[in-house]
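Engineer: Input: one structure, supplied below.
The values are calculated or read from the model by the stated rules, or taken from the named source; none is laboratory data. All figures in this text were calculated on a predicted structure; none of them were measured in a lab. Reconstructed Cβ throughout: ideal geometry from the backbone, glycine too, with neighbour counts over all protein chains shown. Surface accessibility is based on the protein's heavy atoms, side chains included, excluding ligands, DNA and RNA. Shrake-Rupley method; radii C 1.70, N 1.55, O 1.52, S 1.80 Å.
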Amino acid sequence: MDIPRPNQVGTGEPGFEVVARQDFSDTTFLLEIEHPLMANAARPGQFVIVIPDEHGERIPLTIADFDRDQGTVTLVIQAVGKTSKEMQRVCQTGSALFSVTGPMGVPSHITDAKKVICVGGGLGVAPVFPQARAHKENGAYVIGIVGFRSKDLVFWDDKFEKYCDEFIVCTDDGSRGIKGLVTKGIEAAAEKHADIDELIAIGPPIMMKACAETTRTLGIKTMVSLNPIMVDGTGMCGGCRVKVGGSIKFACVDGPDFDGHAVDFDDLMNRLQRFKEDEKVALERWTESCRRLDQSPLEPLPPDKASPRAGA
Amino acid sequence: MPIQDAMERVGNFDEVTYGYSVEDTLRECERCLYCPEPACIASCPVAIDIPGFIEKISAKDYRGAYDVISETNLLPAICGRVCPQEDQCEGVCPVGDPLKPVAIGRLERWVGDLAIAENWVNVPYIEPNGFKIGIVGSGPAGIACAAEMAKAGCDVTIYEALHLPGGVLRYGIPDFRLPNSVVDQEIENLKKLGVKIECNVLIGRLFTIQQMVDEFGYDAIFIGTGAGYPKFMGIEGESLNGVVSANELLTRCNLMHAGEFPAYDTPLHLGKRVAIIGAGNTAMDAMRVALRQGAEKVYCVYRRTKAESPARAEEIDHAEEEGVDFQWLTAPVEILDDGDGNVRAMRCIRMELGEPDDSGRRRPVPIEDSDYEFETDMVVYAIGTNANPIIGQTSKIKLNEWGYVEVDDNLATSMAGVYAGGDIVTGAATVILAMGLGRRAAHNMKAYLGIRDTNIVYAGHPTETDETLFGIAANERNFHRVRLAKDITSSTEEEIHA
């Protein structure tokens, strides 16, 4: 068998094509990327490193889904910083990403747990889905719990309903399902079921921390997927190191899944603030350039965008 | 060799050492003794015929010099710059006692640069042999192995996890020591041999080595993934913001252009007073990058002394000239918080040298009650690397107790047809050692596949007249440099010296 050739950088060939896009809300959108090899290799819990364009940074994104027949991987992105906002603006169907590498990280260990809760908060809703599906296919009783700010932001409820025996939506404003955080949903589910074997939580660190605290008192095994700042994603730089059970682990090659009861979330949250000031500068600068571009679309881009560094 | 003024060069990323001029080169070549049993060749990991290429330069056959080097080394422009020559060829050069040794590295670099400028590339006639070779990692080991296998006629594909090829040559070694344009050129030469390079492929995760053998039909595979898993010390305060590995600092700057933020999106967030822990080549690179990115003060914190430091002598000298403040016999014991999750200072202790340890270097011993606060807002660890775990996680290849790939004398791993070399076998080493292992692995892979090794030259049996000239044994060669009078009358001053 010949290897299907992954698209290659620097050969003048297009990068990795976006074959579908779906917008869930003002800030959340889905991209389907054509990459048959990756679709074939991807397992729940793994992530990719994306570089949107030649000047871009390497950002880790958890694989939200993969379709082996279509040869596509699905990423769900929340536009919060410069790179994700730029992707929201630029990445339309038919466009291409400069680089997509993966799947990276150790796949989630799909245990033979009989009863599993899969919790997704905000952006974590997407990557927890393949785990819920895998557990269901493994014969487990799956309880899906997802949290959003309000009902307008809810997505993939149909996909979850298909694979979950129970599905609980929590919203901050109570516009759908339970009013409150996902921890309320966990407590409700735990009250109903005394025999929960495992809980998987993916979402913002503060949410995963709250989930871990809740399950600690309930005595339920809890796995979380960590999302620290990364550069290469192959273990080479150590930027993604996290404290787990008192020792240092690299989320990119030792994780991203860890025992939620052993993770030092405060440390993770502090480390996510590393580039706070730089992120602000980048976002302001980009917003300003978009404003100018929208005012006079024919004006050329700032020179640094037009001319890549010689020899770069 | 002329170098850029220290005060000027800390403001730019241009190369520190300018290359030799033709005159410098020819003059330097005259210093070679053409030893009958050249120690320099024996100490070169890839066994370049050093007197051979120097002889060609002296004869002004520059292309011939390149041909001699490129027989064994595909990357003269790179190796001339980054090899630790003082420990290899130049270290054993007999001219070096009592004078300075022949500047072999600079001569090699000169030939390499000339080859790039003149667009020379030695593409031998290659008869395809139908064997398919996969190379994991496009660093020095992978490049060297790929070139050898391609020259033997194999269909070679290199897989690289990053978005650009070159490995440590790309992300690690900074532009002022090894310009990216030189790496690009050398990679181009590799492509001219028919080697294919696929970036954005993380072997083990996108597909495994087993799959390469079973499904994709690779006849032999070489693993050259590098050590790539930076070490930390495990002291208090290491996860504070402002503590990074040298690999991260260098990758952000060299590969991702963080120095040009925000025009490039990758941030660096450099401190004002940067302390680099360690005194190897990577540490020197990190210090000098930090200076060029605008750090006000850069310190080197090392628990031994300059004499024990593993960096190339030239790199330490350059770092000193550029204003790095060396704190020898000093070790950090704790990194202190500013109350906001950032680095405020380090607590350090002073050391003294005790008895020699296993490495033969005198062991640093802490001096009691010598601890003090060292003001810094960025701490960079350059204390080496551990083995990268990905190959171990995704294959059944046997690893040693430290997690490095275990190989036999032929560099074969426990999986049939799979060979390994470079830092993933030896632990962190040098570019040239990795290239040497890449070449050695290629030699054995050819034997494994039953390919005749093209490196073996079948010379005819020497006749008696070849061995002697006018009754003088050829290996004495003391008549070698004699020129005829008509040459002298028509040549320039340099040539007379020649």
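Engineer: Summarise the partner chain shielding of B:194-201 as one whole number: the mean count of Cβ atoms from other chains within 10 Å of each residue's Cβ.
Structural biologist: 6
Engineer: Here is a further query. Could you state the number of Å between the C-alpha centres of the stretch B:9-33 and the stretch A:218-239?
Structural biologist: Distance between centres, Cα-based: 47 Å.
Engineer: Turning to a different aspect of this structure: Rg over Rh of the stretch A:115-245, using C-alpha atoms and the Kirkwood radius, what does it come to?
Structural biologist: Across the stretch A:115-245, the Cα-based Rg/Rh ratio is 0.98.
Engineer: Per-residue Cβ counts within 10 Å, from other chains only, averaged over B:246-252: what number is that?
Structural biologist: 5
Engineer: Please give the helix B:281-292 orientation as an angle from the longest Cα principal axis of chain B, in degrees from 0 to 90, rounded to the nearest 10.
Structural biologist: 70
Engineer: If you don't mind, another one. I want to check the label-to-label distance for B:TYR34 and B:GLU127. Put each point 7 Å from Cα in the C-beta direction and report it in nm to one decimal.
Structural biologist: Roughly 3.5 nm, to one decimal.
Engineer: May I pose another question? Would you mind giving the mean number of other chain beta-carbons within 10 Å of the Cβ of each residue in B:162-173, as a whole number?
Structural biologist: Shielding by partners across B:162-173 averages 3.
Engineer: With +1 on each Lys and Arg Cβ and -1 on each Asp and Glu Cβ, and nothing else charged, work out how big the dipole of chain A is about its Cα centre, in Debye to the nearest 20.
Structural biologist: 440
Engineer: Give me, ordered by chain and number, the residues 5 or more places off B:ALA220 or on other chains with an amide H under 5 Å from its own placed amide H.
Structural biologist: It is B:LYS132, B:GLY134, by chain and number.
Engineer: Now a separate question. Out of residues 5 or more away from A:ASP232 or on other chains, whose amide H comes under 5 Å of its own, with H placed 1.01 Å from N in the peptide plane?
Structural biologist: Under 5 Å from the amide H of A:ASP232: A:CYS237.
Engineer: Another one. Would you calculate a helix-derived [θ] at 222 nm for chain B, using -39,500 (n - 2.57) for each DSSP H run of n ≥ 4 and dividing by the full residue count, to the nearest 500? Before the final figure, lay out the partial values.
Structural biologist: On the way: 21 runs with 166 residues, N = 498.
It lands at -9000 deg cm²/dmol.
Engineer: So, one more: Projected onto the charge dipole of the protein assembly as shown (+1 at Lys/Arg Cβ, -1 at Asp/Glu Cβ, origin at the Cα centre), which of B:PHE216, A:CYS170, B:VAL418 gives the Cα projection farthest towards the positive end?
Structural biologist: The one lying farthest along the dipole's positive direction is A:CYS170.
Engineer: Another one. Can you pull the accessible area of A:ARG285 for me, 1.4 Å probe, Å² to the nearest 10?
Structural biologist: Estimated to the nearest 10 Å², A:ARG285 gives 90 Å².
Engineer: Still on this structure, please answer the following. Please give the calculated 222 nm ellipticity per residue for chain A, where each DSSP H segment of at least 4 residues contributes -39500 (n - 2.57) and the sum is spread over every residue; nearest 500 deg cm²/dmol? All intermediate terms of the calculation are to be shown ahead of the outcome.
Structural biologist: Details: 10 runs with 95 residues, N = 312.
For chain A, the value works out to -9000 deg cm²/dmol.
Engineer: Where a Cα-Cα gap under 26 Å defines reach, which lysines qualify for A:LYS114, not counting those fewer than 8 residues away within the same chain?
Structural biologist: Of all the lysines, those that pass the test against A:LYS114 - Cα under 26 Å, at least 8 places apart if same chain - are A:LYS136, A:LYS159, A:LYS162, A:LYS184, A:LYS192, A:LYS209, A:LYS221.
Engineer: Starting from the residue with the highest accessible area, list B:LYS132, A:LYS221 in decreasing order, probe 1.4 Å.
Structural biologist: A:LYS221, B:LYS132
Engineer: Which order do B:LEU202, B:LEU433 take by accessible area at a 1.4 Å probe, largest first?
Structural biologist: The ranking, largest first, comes out as B:LEU433, B:LEU202.
Engineer: Can you tell me which of B:188-201, B:94-107 comes out highest on packing, and rank the rest after it, using the mean Cβ neighbours within 10 Å?
Structural biologist: Answer by packing, highest mean first, reads B:188-201, B:94-107.
Engineer: Ok, one more. If one computes the Cα centroid of the stretch B:262-280 and of the stretch A:146-186, what distance in Å separates the two points?
Structural biologist: Each part reduced to its Cα centre gives a spacing of 42 Å.
Engineer: In whole Å, how far is the Cα centre of the stretch B:216-254 from that of the stretch B:100-133?
Structural biologist: Centre-to-centre (Cα) distance: 29 Å.
Engineer: Going by the alpha-carbon gyration tensor, a ≥ b ≥ c the square roots of its eigenvalues, is chain B rounded (a/c under 1.5) or, if a/c is not under 1.5, prolate (a/b greater than b/c) versus oblate?
Structural biologist: Values: a/c = 1.88, a/b = 1.30, b/c = 1.45.
Because a/c hits 1.5 or more and a/b fails to exceed b/c, chain B counts as oblate.
Engineer: With r as the distance between the Cβ atoms of B:GLU236 and A:SER25 and R0 = 56 Å, compute the FRET efficiency 1/(1 + (r/R0)^6) and round to 0.05.
Structural biologist: Given R0 = 56 Å and the Cβ-Cβ separation, E is 0.85.
Engineer: I would also like to ask the following. Treat each spin label as a single point 7 Å out from the Cα along the C-beta direction, and report the A:ARG292 to A:ARG216 distance in nm.
Structural biologist: So the two model labels end up 5.0 nm from each other.
Engineer: Next up: Report D for the stretch A:101-182 in µm² per second (integer): Stokes-Einstein, Kirkwood Rh on Cα pairs, 25 °C, 0.890 mPa s.
Structural biologist: 188
Engineer: What FRET efficiency comes out for B:GLU215 versus A:VAL90 if R0 is 35 angstrom and r is the Cβ-Cβ distance? Round to the nearest 0.05.
Structural biologist: Once rounded, the FRET efficiency stands at 0.45.
Engineer: Which value, in debye to the nearest 20, describes the size of the charge dipole of the stretch A:174-214 about its Cα centre when Lys and Arg Cβ atoms bear +1, Asp and Glu Cβ atoms bear -1, and nothing else is charged? Don't skip to the answer; put the middle values down first.
Structural biologist: Working: 5 positive and 6 negative charges, 73 e Å.
With only Lys, Arg, Asp and Glu charged at Cβ, the dipole is about 360 debye.
Engineer: What's the local net charge at A:GLU187, with K and R +1, D and E -1, over the other residues with C-beta under 15 Å away?
Structural biologist: Net charge in that neighbourhood comes out at +1.
Engineer: Dipole magnitude of the stretch B:251-301 about its Cα centre, charges +1 at Lys/Arg Cβ and -1 at Asp/Glu Cβ only, in debye to the nearest 20?
Structural biologist: Roughly 200 debye, rounded to the nearest 20.
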